[in-house]
1. Please give the length that would be gained between residue 496 and residue 233 if that part of the chain were fully extended, namely 0.36 nm times their separation in residues minus their C-alpha to C-alpha distance (nm, one decimal).
2. Using 7 Å Cα-to-Cβ label points, what is the residue 361/residue 278 separation (nm, one decimal)?
3. Stretched out fully, how many nm does the piece from residue 504 to residue 300 gain, at 0.36 nm a residue minus the Cα gap?
4. Classify region 225-344 from the C-alpha gyration tensor, please: rounded if a/c falls under 1.5, else prolate or oblate depending on whether a/b exceeds b/c.
5. Got the relative contact order for region 195-492 handy, in percent, Cα pairs under 8 Å and 6 or more residues apart?
6. Among 448, 357, 327, whose Cα projects farthest towards the positive end of the dipole of region 195-492, with charges put on the beta-carbon of Lys, Arg (+1) and Asp, Glu (-1)?
7. I need the phi-derived Karplus couplings for region 470-485: 6.51 cos²θ - 1.76 cosθ + 1.60, θ = phi - 60°, integer Hz, Gly and Pro marked x.
8. Give me the one-decimal nm value for the distance between modelled label points at residue 443 and residue 407, 7 Å along each residue's Cα-to-Cβ direction.
Amino acid sequence: EVQKHSVHTLVFRSLKRTHDMFVADNAKPILLDEESHKVKMAVKLRTEYGSVLHMPTLKENLREKGGPNTDDPYGHKQYPGNQGEELEYMITGTHPYPPGPGVALTADTKVQRMPSESAAQSLAVALPASQSRLDATRTAAGVGDIYRHAGIPERSQPPGVSLLHAMVEAGGNKNSALMPKKAPTMPKPQWHPPWKLYRVISGHLGWVRCIAVEPGNQWFVTGSADRTIKIWDLASGKLKLSLTGHISTVRGVIVSARSPYLFSCGEDKQVKCWDLEYNKVIRHYHGHLSAVYGLDLHPTIDVLVTCSRDSTARIWDVRTKASVHTLSGHTNAVATVKCQAAEPQIITGSHDTTIRLWDLVAGKTRVTLTNHKKSVRAVVLHPRHYTFASGSPDNIKQWKFPDGNFIQNLSGHNAIINTLAVNSDGVLVSGADNGTMHLWDWRTGYNFQRVHAAVQPGSLDSESGIFACVFDQSESRLLTAEADKTIKVYKEDDTATEETHPVSWKPEIIKRKRF
C-alpha cells in the first residue's frame, strides 16, 4: 500500500507539472496575441474602410440589455434600437478569435472597439516609419508636384501610401480630395509666320501625284497621271528633264542621298531605279501584284521599301533587286510607307484604317495602331523629335515612338487628307483632296493658317486637290502637287509679325481623346 501510494503521488505530481508547463506555455502567447490583434484591427480598419472614414462617425442612442445572446454562437451583443445611452458602433469579426488550449476567451478578445480619430493618429505618429513608406511618400509628393506644375489633376493616390498616412501628412484634412482641380489647358502655341503662294509651275498633262526634292536642293522631281516623271529647277521653276517609261500613273518618286539614283513606282505595278547620270532605267523590282502607291528609302542602308494595293509592303535590296521581306498583315491597300534609322524602322498606313510599326530584321509587325476610323493615307516623321503623325478623314493623330503611344488629336481638317509634311520649326502641313491646306503648330496642335489656292485657269473647279506636299531641304519653301496639273510653291511671308498676324488663341481645355 505504501508503494502504491508513492507511485500515485509521483504520477499526480508529474501530471500537475505537465499541466502547469502547458498552461504557462500557452498563456503568454495569448497575451501577446491580444495586443497584436488590437493593433492589427486598427490598421485593418484604416486600410479596408479608409474610403468611408471621412464620413462622420455614426452614433446611436442604444441601451445594452443583458449580456451576449446565448443563441449567438459568436457571442455578438444584441442592441435594441433608440434606447439607453449613446454608444459607438462595435466592430466584430465574423469568426471568434481562436483560443489557446485550456484558456477561455474574454469579452475583450471577442469584441474590438473602433479606435477614435485621435487614437489612430497618435498610433500612426508613434509607429516608426518604414523605409518603403518613406520612399512611397517621397514619390507621391514628387508626382503630386509634377501634376500641379502641369495643371493636371491628380487622378489617384500612388500605390503603397496608406490612407491613414496620407491623412496624417495632410493634417487630418479629409476633404482635400474633394477640392476642385484646375482643368488642363493648351499651352500658348509658338508663333509661325504665315505662308503665301509665290509661284505656280505648269507642264504636266495630268494630275501631279507625287513630288520629292533632291538632297542637294538644286532641283525637284514630280510624277504624274500623264505617265511621265519631270525634273525641275528649284530656283527658277523651269523644266530640266522628262523621263518616260511607266505605262500608267506615277504614284511615287524619291531621290537617293547615297547614290545618283532616282526611284519611282506607279499603278502599272512597276518599281524602277533610274541612273541620273545616263537618265535611264537600270533596275526593275518585280513582285507586287497590283498598283504600287508609295515608296521610301532607308536612310542608312541600301534598302528600298514599297507599298501596294495588294495589301503588302515589300523590302528590296537596292543592288541585287532581291525581295528581302514581304510585310503582310494589312487587310486593304497600303497607302503610305516611311523609313527611319531608329526602331521601328518601317511605318505603314493603310486603307484598312490601321497603322503598323514593323521590325525590319524579322519582317514582322511590332505594333498595330487601330485608333483611326477611316483610311490612313499619309504618315510623316518629325525630323527632330522621336514622334510621327498620321492623317485620316476623321482627324490627324500624333504618336510617340517606339511603341506608338498616342499623344493628341489635331481636329478641324474635315476632308480626305492625302499628304502630310513637317519641318524642323514644328510647322505641320496637311493637304486634302478638296484642295485645302492647313498649317499647324506641331507641339500644341494649334491650326494657325488655312489655305485654299485657286485652281489653274482653264481647269475645272472639281480639279481642286492636293496629292502631295514637301518642304525643300532649306525648309524655306513648300511645294505641293495638285489635281489642276500644277506644282505650287509657297514661302513664308517675310513682312508678317506677331502684331500683324497675332495668334488668336485662348486657353481651351485639352481634349486628349484616344479615339
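The values are calculated or read from the model by the stated rules, or taken from the named source; none is laboratory data. Quick caveat, the model's predicted, so the values are computed rather than measured. Cβ sites come from the backbone with ideal geometry, for glycine too, and all protein chains shown count toward neighbours. Remember, those area values only see protein heavy atoms, side chains included, never the ligands or the DNA or RNA. Shrake-Rupley method; radii C 1.70, N 1.55, O 1.52, S 1.80 Å.
1. Numbers: separation 263, 0.36 × 263 = 94.68 nm, distance 2.77 nm.
Extra length available between residue 496 and residue 233 comes to 91.9 nm.
2. 3.7
3. So the extension gain works out to 69.2 nm.
4. Since a/c reaches 1.5 and a/b is larger than b/c, the shape of region 225-344 is classed as prolate.
5. Computed over region 195-492, the figure is 14 percent.
6. Value computed over the given set: 327.
7. 3J(HN,Hα) across region 470-485, in whole Hz: 7, 8, 6, 5, 7, 6, 9, 10, 10, 10, 10, 9, 10, 7, 8, 6.
8. 1.2
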